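The values are calculated or read from the model by the stated rules, or taken from the named source; none is laboratory data. Only a predicted model underlies this, so the values are computations on that prediction, with no experimental measurement involved. Glycine also receives a Cβ, built like all others from the backbone with ideal geometry; neighbour counts cover every protein chain displayed.
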Amino acid sequence: MAPPARRPLALSASRAADFRQCPLLYRLRAIDRIPEPRTRAQVLGTVVHSVLEELYGLEQPERAPERAAGLVPAAVDRFYELDGGTEVVPHAARPEFEAEVSALVSALYGVEDPRRFSPAACEQYLVTATSAGTPLHGYLDRVDLAPTGEVRVVDYKTGRPPNPRYQDQAMFQMRFYALMYHRIHEVLPAQLKLIYLKNGSWLTLSPDLATLVATESELDVLWSEIERAGRAGVFPPRTSRLCDWCNHQALCPAFGGTPPEYPGWPGSRAVPGRDTLPGSPISEEDER
Ligand code: SF4
């Protein structure tokens, strides 16, 4: 298979987390773009997000739990049609998979009633830059706008909620999104909300300007480290217990492997102005 075309890079919340976890992991994913097998958890996240997007696309009174449940089989059909993804979810496992999607969708009603408000946007791809020029991009699952003008940025998670010790890491993604939103719209989101559909729980954060300024500095420092590593071609492995879940052990010197020849730094993506783009140069599954 021909390698994917190279393109200048921008920072997403997921790749930022990768670089912090392990610079080599960042390189293999963002620069070499070594394909990784899709996981059932990723596919589950994608299907649940598509159902929720469709649900919020209905008229408000139509968003009853039964209607939401009725959207699930078609979303699973689409997954099979588009993806032919029988390796990840074999047809024999469809009933169990579909039941899991239904349970996650139904859990939303324990957190909020979708009939009581309409989002300003769903599945919105944003691209922008910090004031120092660090290019940023990512998906916002949902943006709510209160009648009083307050903005809430919402992200759905289909995995387990984090241990309280790691909640800051979970909220990093939300601070990242809030910063992008602020850079584009010049509006400070009043609330960032992470909804964990697995158990119907949620985390919220009400960011102030100082929080976003600190996030911006944090990302500028991180991006300059990535650019430096990228120009030098030096991305050392950093082992941790997360290596158990890494798909690249065979290419990792820490596990006796050899990385492919470094293809060179593809450069930073130019961001001409504050912008919101349709379509996507990154995988949504990256951000789930
Ligand atoms: S196995 Fe661990 S050290 Fe090696 S690339 Fe993966 S995360 Fe990094």
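Observations on the structure shown:
- For the stretch 186-198, the set of residues classified as assigned to a strand (DSSP E or B) and not hydrophobic (A, V, I, L, M, F, W, C) consists of Q191, K193, Y196, listed by residue number.
- Taken over the stretch 236-249, the residue count meeting the criterion of being surrounded by 11 or more Cβ atoms within 10 Å (Cβ to Cβ) and either part of a helix (DSSP H, G or I) or near the ligand (Cβ under 6 Å from one of its atoms) (or both) is 8.
- Within the stretch 147-158, the residues that satisfy the criterion of being touching a residue at least 12 places away in the same chain (Cβ under 8 Å) and either closer than 11 Å to P189 by Cα or more than 16 Å from the chain's Cα centre (by Cα) (or both) are E150, V151, R152, V153, V154.
- Residues located in the stretch 228-258, provided they are of a type in the set (D, E, K, R) and touching a helix residue (DSSP H, G or I) at 6+ places or on another chain (Cβ under 8 Å): R238
- Some residue of the stretch 112-125 being in a helix (DSSP H, G or I) and free of Cβ contacts under 8 Å to residues at least 12 places away in the same chain: no
- Residue match in the stretch 95-110 (condition: surrounded by 16 or more Cβ atoms within 10 Å (Cβ to Cβ), touching a residue at least 60 places away in the same chain (Cβ under 8 Å) and farther than 15 Å from T158 by Cβ): no
- The lone exception for E62 - which of (1) of a type in the set (D, E); (2) over 20 Å from H137 (Cβ atoms); (3) within 16 Å of the ligand (Cβ to nearest atom) it fails: (3)
- Matching entry among A92, A132 (being touching a residue at least 60 places away in the same chain (Cβ under 8 Å) and over 21 Å from the mean Cα position of the chain (by Cα)): A132
- Odd one out for L108 among (1) outside the structural domain of R63 (by TED's automatic domain parsing); (2) out of contact with any His (no Cβ under 8 Å at 6 or more places or on another chain); (3) modelled with pLDDT of 95 or more; (4) not in a strand (DSSP E or B): (1)
Here is a yes/no grid of residues against (1) at pLDDT below 95; (2) away from the ligand (no atom under 16 Å from the Cβ); (3) in a loop (DSSP other than H, G, I, E, B); (4) closer than 16 Å to G138 by Cβ:
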residue: R15; (1), (2), (3), (4): no, no, no, yes
residue: F19; (1), (2), (3), (4): no, no, no, yes
residue: L24; (1), (2), (3), (4): no, no, no, no
residue: P37; (1), (2), (3), (4): yes, no, yes, no
residue: V47; (1), (2), (3), (4): no, yes, no, no
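- Evaluated against (1) among the small types (G, A, S); (2) within 16 Å of the ligand (Cβ to nearest atom); (3) not in a helix (DSSP H, G or I), G264 falls short on exactly one condition, (2).
- Residue within the stretch 3-12 that is within 16 Å of the ligand (Cβ to nearest atom), within 21 Å of the chain's Cα centre (by Cα) and not assigned by TED's automatic domain parsing to the domain that holds A107 present: no
- Top-ranked residue of the stretch 199-233 - restricted to ones that are free of Cβ contacts under 8 Å to residues at least 60 places away in the same chain and part of a loop (DSSP other than H, G, I, E, B), ranked as nearest to the ligand (Cβ to nearest atom): G233
- Selected residue (criterion: farthest from L104 (Cα to Cα)) from residues of the stretch 152-185 that are assigned to a strand (DSSP E or B) and β-branched (V, I, T): V153
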